[in-house]
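Trainee: Below: one structure in structure tokens.
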Amino acid sequence: MSLLIFLPFITALFLFVVKMPINAVKSVYMVSTLCVASMAIYFYVQFDPSASMQFIEKHSWISQYGIHYSIGVDGVSLGIVMMNALLMPLIALGLYKQRDKKGYWIHLLFVQGGIMGAVLSLDLMLFYLFWEIMLLPIFFMIGLYGYGKNSFVAIKFNIYTIFGSLLMLVAILYLAVSYKEQFGFYSFALDDLKNLKLTTIESLLVFSGFMVAFAIKIPIFPFHTWLSDTYRSAPTGIVIVMSSLMAKLGAYAIWRVLFTLFDETSHQLAPYFIGIGLFGLIFFGISAMNQTHLKRMFALSSASHLSLIVVGFFIYDIYGLVGSSYLIISHALSSAALFLMLAMMYERVQTYTIDTLGGIAKEAPRFALFFAFFALSIVGVPLTSGFVAEVLIILGAFEYNIYVGFLAATSVLIAMLFMFKMISAVLYGDTNERTKNFQDLRVHELMALIPLALLILAMGIFPNYFIKNIEPTAKAFASNKEVTRYE
Amino acid sequence: MSNEFIALAVPAILLFSALFILLFGFSVHYTKNRGYFITLWTLFIAFLISANGVGETFTLPILPHIFNSMAVYDAFSATFISLFLLGGFLTLAIAKSFVDHTDFFTHESFVLLLFSLFGMVILTMANELLTAFIALEIASMSVYILVGLNRNSLRASEAFFKYLLLGSFAASFYLLGMVLIYASVKSTNLAVIAHYILSTNLEAQLLVIAGSMLIMITIMFKIAAVPFGAWVLDVYEGASFPITAYMAGVFKVAIFAFILRLFLQNFIAYEALYDPLVIGGAMVTLIAGSFLAVTQNSVKKMLAASSVVHSGYLLIAFVSIGEATYSATSAIIFYLFAYFLSAIGAFGVLSYISKGSDKPISYDDLNGLAKSRPIIAASFTLFILSLAGFPSTIGFIAKFYIFTSAIEAGYTILAFFGALAACVSIYYYFKVIAHLYFKESGSVKSDNGEQFSLIFIVVSAIVVLWGGVGTSLLYDLPGINALNELSRYAIGSLGL
């Protein structure tokens, strides 16, 4: 299990130290990420849906403060682990021809390790460590390989997110110290800290410390101002990582940390967050509609879907939980694929602006097919995985409150609006001198996209096979809640 | 090795070596290189000897029948002595390249360096106010001169006079404070003072309280806490890089050794009186330091200003000593270690790339360093990350201890404040990294300078990394736990 985290780090370090030609670097990258992917698949097959936390490893790290290196996986985190493991080699396949800098691949490996660590860790200090570590490669990638005012954006993004993280750090320390006061020894393990008794004010403050950090990462409504700059400046590899993995990690952390530790508080605050989430869903959707820059549009659209994920989590019943976990995976797949295709398009036409595009379908039918498919899978057309997830969340929302359900259902339509508009503008219409002779997808690009498409279809047609791994975890959690729900 | 031997050998080695170089300097056989290596070996041997004393709890008055127990060698002083001897050694080792490129490192400079370390050793062992004062002045006087070492630089001379004037002025507060304490206690021995404080009522202690406050002023001046740290920018800028590193990293450790002993043994009773003042001081130091650091455009000045912020973090832990004695004190020790390692590394890199010129290095001078010298840039990045308290470096663990001790003592708001200052620090520290990696430079630098310095820079960088993740799980090397253990022993020897 630890290899999943450390293999990328070790490979990255190896690549940093050893001088080798760029093709060899890419091969080493592929080998390493494929190893991680196959290990992740092995764990997926071995995964026992009925047990909650498994493959646990625990070692003492800083013993005076009771900090452990402890990792494990359950139904919800398994999805993100799989995504992290599978997307990384596919990114490389898709961008194979485009990126000839060694650092690019090294940093991607670092991000993979960092995200893996954050998802798997069960100790808050360890979680914090990985949570911060993954910022560093992102910072470097934006600064080194980004576009526009990239070093400004890199620093802005960094300060923004670290601000949240530091609040979280204080919150974590506060928890640990209170634990010591109540139980006599330090512990940062989630399992221990859950027994903590805090006053309302304390738990509100600590809760918001965590929440700010997560909200910035996701981003939830008032903390989204870093989003569009960063997505525009960041190179594709990082955009994919941010939208498919890092943002999901924020949503996941809400579930893993906040719901575990602050059961009651999160329950009481749920209506507010559902409200903010719904507002974000609509707000980001409408903002996306007005964008002419494709990357920004997708950035906002994924923010809008992430708000939906947050709503799903805060609905707090089994439909919401399963739906959100499912949406995490399916949105990761679709948005990764879309951003990859954007990068391929940019390589061909050197533009991201919608107005300058058009008629690609005539020139490149295969490209158009995949592009349309992924765009539709994001909005949740039936037969795609997004559909299953959204239906589940909306079901949960109706069960929670009819108005919430109604709002959630209608606002999903907004995504349809701008996606269709975008598809028609980009793929159809007349060709211009930019899109003339648009080269169709090459073999290595197809190799990257086909698995994603198949997976999306499979998840849309046979959801049961995938949900059965998530369901027990969610059920155990939701049934726990059911009792306290209407007290 | 018996502890008596260590206690006498360490200062003796430093002193004799200093005297030896002082005489040897006039011989025809003297070369700068020889002087340098004699000093370096002295520090190394002294460090090895003193490192034998750490790791157990003991207290040993040094030759009480001769010195009337004015100095005491215990695990506490052993730990600190080892710390700053290591710091001095690293500073000097990294400075090799700088020393080679300049001509103002005469044999007197090595002598002064050794004298100042001798002063610090005595200061750490001092069990009596007068001894402490003399030791402090030995160390300070040597450092004053080291600051003004480069006679041809106007900036250095200005820094020298400023530091000398303000430093002597600040020292007079100490004397006055000591006199006041003596007036009521009739002794300058720390144990006697502690006994007096415990055994008399508060009415009779007014002079002692006033005296302790005055002594604190001197200490605050020395660690450059706001509002007594007005000298720090100019002096750090004027001094040459190795000396700046020495002052920021090593000298501060020795001062804290004394202040901790003084506070833990004696003035902890006045904790309620002190706290509001120190809390205010910590906050003002953090705010003002952050402002200063953000506005600088020379990297050296920025590092100098940020050292004020680091004093602020240390003050946070200092406030918490009353309520969370153990964790706060070990947090301070760990933080000092982490800080001097990173600061010496960062200043060392600057001195390495400056090649002996006294031109202040601006952010733009760092442009493109990652391309021309990837290893130096990577080490520099590690030091900067550690200063910024980024996880997986030793600086993060240090901040973690500081904040934990603050929360444990009930000062959550201070921890929050520290976190904000850390967030601001991301800006000025990451600006350095951005310039290192993201900006192209016009000029192409090729030669790699002195290998010797490079090795020590890289070693320090690895230690910085190891200190952040180090665990006995991986190898049988001392990691984070081990340092913590050491500080426990050290505090234990103070008899708390």
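The values are calculated or read from the model by the stated rules, or taken from the named source; none is laboratory data. Given the structure is predicted, the values throughout are model-derived calculations rather than measurements. Cβ coordinates were reconstructed from backbone atoms using ideal geometry, including for glycine residues, and neighbour counts include every protein chain displayed. All accessible areas refer to the heavy atoms of the entire protein, side chains included, with ligands and DNA or RNA removed. Shrake-Rupley method; radii C 1.70, N 1.55, O 1.52, S 1.80 Å.
For every residue, the table says whether it meets (1) over 20 Å from the mean Cα position of the chain (by Cα); (2) more than 29 Å from residue B:414 (Cβ to Cβ); (3) surrounded by 24 or more Cβ atoms within 10 Å (Cβ to Cβ).
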site	(1), (2), (3)
A:116	no, yes, yes
A:135	no, no, no
A:186	yes, no, no
A:193	yes, no, no
A:200	yes, no, no
A:204	yes, no, no
A:222	no, no, no
A:232	no, yes, no
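Trainee: Pairs, please: C-beta under 6 Å, at least 6 apart or cross-chain, first residue outside any helix (DSSP H, G or I) and in region B:178-205, second among the acidic types (Asp, Glu)?
Mentor: B:188/B:128; B:189/B:128
Trainee: A follow-up question, please. Only residues that are over 22 Å from the mean Cα position of the chain (by Cα) and open to solvent by 20 Å² or more (accessible area, probe 1.4 Å): list them for region A:1-15, please.
Mentor: The answer is A:10, A:13, A:14.
Trainee: Checking residue A:84 against (1) within 13 Å of chain B (Cβ to nearest Cβ); (2) part of a helix (DSSP H, G or I), only one condition comes out false. Which one?
Mentor: The one condition residue A:84 does not meet is (1).
Trainee: Restricting attention to region B:375-382, does a residue exist that is within 18 Å of residue B:453 (Cβ to Cβ), surrounded by fewer than 24 Cβ atoms within 10 Å (Cβ to Cβ), touching a residue at least 60 places away in the same chain (Cβ under 8 Å) and more than 12 Å from chain A (Cβ to nearest Cβ)?
Mentor: Checking region B:375-382: at least one residue is within 18 Å of residue B:453 (Cβ to Cβ), surrounded by fewer than 24 Cβ atoms within 10 Å (Cβ to Cβ), touching a residue at least 60 places away in the same chain (Cβ under 8 Å) and more than 12 Å from chain A (Cβ to nearest Cβ).
Trainee: What is the one condition in (1) in contact with an Asp or Glu (Cβ under 8 Å, 6 or more places away or on another chain); (2) without any contact (Cβ under 8 Å) to a residue 24 or more places away in the chain; (3) within 10 Å of chain B (Cβ to nearest Cβ) that residue A:158 does not satisfy?
Mentor: (1)
Trainee: Follow-up question, since we're still on this one. For region B:314-322, check the following and say yes or no: at least one residue is under 22 Å from residue B:217 (Cα atoms) and open to solvent by 10 Å² or more (accessible area, probe 1.4 Å).
Mentor: yes
Trainee: If only one of B:291, B:228 is out of contact with any helix residue (DSSP H, G or I) (no Cβ under 8 Å at 6 or more places or on another chain) and not charged (D, E, K, R), which one is it?
Mentor: Values: B:228 fails: out of contact with any helix residue (DSSP H, G or I) (no Cβ under 8 Å at 6 or more places or on another chain).
Only one candidate passes the filter, namely B:291.
Trainee: Here's something else I'd like to know. Take the conditions of a type in the set (Ser, Thr, Tyr), out of contact with any Pro (no Cβ under 8 Å at 6 or more places or on another chain), open to solvent by 10 Å² or more (accessible area, probe 1.4 Å) and not in a loop (DSSP other than H, G, I, E, B) and apply them to residue A:165. Does it pass?
Mentor: Criteria not met by residue A:165.
Trainee: Go through B:410, B:395 for me and flag whichever is assigned to a helix (DSSP H, G or I) and within 14 Å of another protein chain (Cβ to nearest Cβ).
Mentor: Details: B:410 fails: assigned to a helix (DSSP H, G or I).
Just a single option satisfies the conditions, and that option is B:395.
Trainee: Which count do you get for residues in region B:400-421 that are in contact with a Ser or Thr (Cβ under 7 Å, 6 or more places away or on another chain), of a type outside the set (Gly, Ala, Ser) and open to solvent by 10 Å² or more (accessible area, probe 1.4 Å)?
Mentor: So the count comes out to 2.
Trainee: Can you work out which of the residues in region A:33-52 that are of a type in the set (Ser, Thr, Tyr) and not in a helix (DSSP H, G or I) is most open to solvent (accessible area, probe 1.4 Å)?
Mentor: So, considering only residues that are of a type in the set (Ser, Thr, Tyr) and not in a helix (DSSP H, G or I), the one most open to solvent (accessible area, probe 1.4 Å) is A:50.
Trainee: Further question: Condition check: away from every other protein chain (no Cβ under 14 Å), open to solvent by 10 Å² or more (accessible area, probe 1.4 Å) and of a type in the set (Asp, Glu). Does residue A:74 satisfy that? Walk me through it before giving the result.
Mentor: Details: away from every other protein chain (no Cβ under 14 Å): yes; open to solvent by 10 Å² or more (accessible area, probe 1.4 Å): no; of a type in the set (Asp, Glu): yes.
So residue A:74 fails the test.
Trainee: Name, by its number, the condition in (1) under 19 Å from residue A:71 (Cβ atoms); (2) within 12 Å of chain B (Cβ to nearest Cβ); (3) crowded, with 23+ Cβ neighbours inside 10 Å that does not hold for residue A:107.
Mentor: (1) is the only condition that residue A:107 fails.
Trainee: Part of a helix (DSSP H, G or I), crowded, with 22+ Cβ neighbours inside 10 Å and out of contact with any Gly (no Cβ under 8 Å at 6 or more places or on another chain), is that true of residue A:30?
Mentor: So residue A:30 does not fit the description; no.
Trainee: Here are some conditions: (1) surrounded by fewer than 24 Cβ atoms within 10 Å (Cβ to Cβ); (2) touching a Phe, Trp or Tyr at 6+ places or on another chain (Cβ under 9 Å). Residue B:78 meets all but one. Which one does it not meet?
Mentor: Status for residue B:78: all satisfied but (1).
Trainee: Further question on the same structure: So is residue A:228 of a type in the set (Ser, Thr, Tyr) and either open to solvent by less than 10 Å² (accessible area, probe 1.4 Å) or in a loop (DSSP other than H, G, I, E, B) (or both) or not?
Mentor: Working: of a type in the set (Ser, Thr, Tyr): yes; either open to solvent by less than 10 Å² (accessible area, probe 1.4 Å) or in a loop (DSSP other than H, G, I, E, B) (or both): no.
So residue A:228 fails the test.
Here is a yes/no grid of residues against (1) under 24 Å from residue A:139 (Cβ atoms); (2) crowded, with 24+ Cβ neighbours inside 10 Å; (3) assigned by TED's automatic domain parsing to the domain that holds residue A:86; (4) within 13 Å of the chain's Cα centre (by Cα):
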residue	(1), (2), (3), (4)
A:244	yes, yes, yes, yes
A:277	no, yes, no, no
A:289	no, no, no, no
A:296	yes, no, no, no
A:306	yes, yes, no, yes
A:330	no, yes, no, yes
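Trainee: Being within 15 Å of residue B:423 (Cα to Cα), within 9 Å of chain B (Cβ to nearest Cβ) and either touching a residue at least 12 places away in the same chain (Cβ under 8 Å) or touching a Leu at 6+ places or on another chain (Cβ under 7 Å) (or both) is the filter here; which residues of region A:166-191 pass it?
Mentor: Of everything in region A:166-191, those that are within 15 Å of residue B:423 (Cα to Cα), within 9 Å of chain B (Cβ to nearest Cβ) and either touching a residue at least 12 places away in the same chain (Cβ under 8 Å) or touching a Leu at 6+ places or on another chain (Cβ under 7 Å) (or both) turn out to be A:167, A:169, A:170.
Trainee: Still on this structure, please answer the following. Could you check region B:211-232 and list, in sequence order, the residues that are at pLDDT below 85 and either assigned to a helix (DSSP H, G or I) or in contact with an Asp or Glu (Cβ under 7 Å, 6 or more places away or on another chain) (or both)?
Mentor: Selection gives nothing.
Trainee: Moving to a separate point now. Checking the structure you have, find out if any residue of region B:164-176 is in contact with a Phe, Trp or Tyr (Cβ under 7 Å, 6 or more places away or on another chain), open to solvent by less than 20 Å² (accessible area, probe 1.4 Å) and of a type in the set (Ser, Thr, Tyr).
Mentor: Yes, region B:164-176 has at least one match.
Trainee: Additional query: Out of (1) aromatic (Phe, Trp, Tyr); (2) surrounded by fewer than 16 Cβ atoms within 10 Å (Cβ to Cβ); (3) under 22 Å from the mean Cα position of the chain (by Cα), the odd one out for residue A:373 is which?
Mentor: The one condition residue A:373 does not meet is (2).
Trainee: Here is a list: B:329, B:285, B:325. Which entry is of a type outside the set (A, V, I, L, M), open to solvent by 10 Å² or more (accessible area, probe 1.4 Å) and under 29 Å from residue A:173 (Cα atoms)?
Mentor: Every option except B:325 fails the conditions.
Trainee: Write out, first by first residue and then by second, each pair whose Cβ atoms fall under 7 Å of each other, whose residues are 6+ apart or on separate chains, and whose first residue, in region B:207-225, is open to solvent by 10 Å² or more (accessible area, probe 1.4 Å) while the second is modelled with pLDDT under 85.
Mentor: B:209/B:270; B:209/B:273; B:217/B:228; B:220/B:228; B:221/B:228
Trainee: Let me ask another. Looking at region A:135-151 only, could you name the residues that are in a helix (DSSP H, G or I), hydroxyl-bearing (Ser, Thr, Tyr) and more than 9 Å from chain B (Cβ to nearest Cβ)?
Mentor: Looking only at region A:135-151, we keep the residues that are in a helix (DSSP H, G or I), and these are A:135-145, A:150-151.
Adding the requirement that they be hydroxyl-bearing (Ser, Thr, Tyr) leaves A:145, A:151.
Passing the criteria: only A:145.
Trainee: Kindly provide the set of residues from region A:40-71 that are of a type in the set (Phe, Trp, Tyr) and within 14 Å of another protein chain (Cβ to nearest Cβ), ordered by number.
Mentor: Within region A:40-71, A:61, A:65, A:69 qualify.
Trainee: Looking at B:432, B:424, can you tell me which residue is more than 9 Å from chain A (Cβ to nearest Cβ) and in a helix (DSSP H, G or I)?
Mentor: Residue meeting the stated conditions: B:432.
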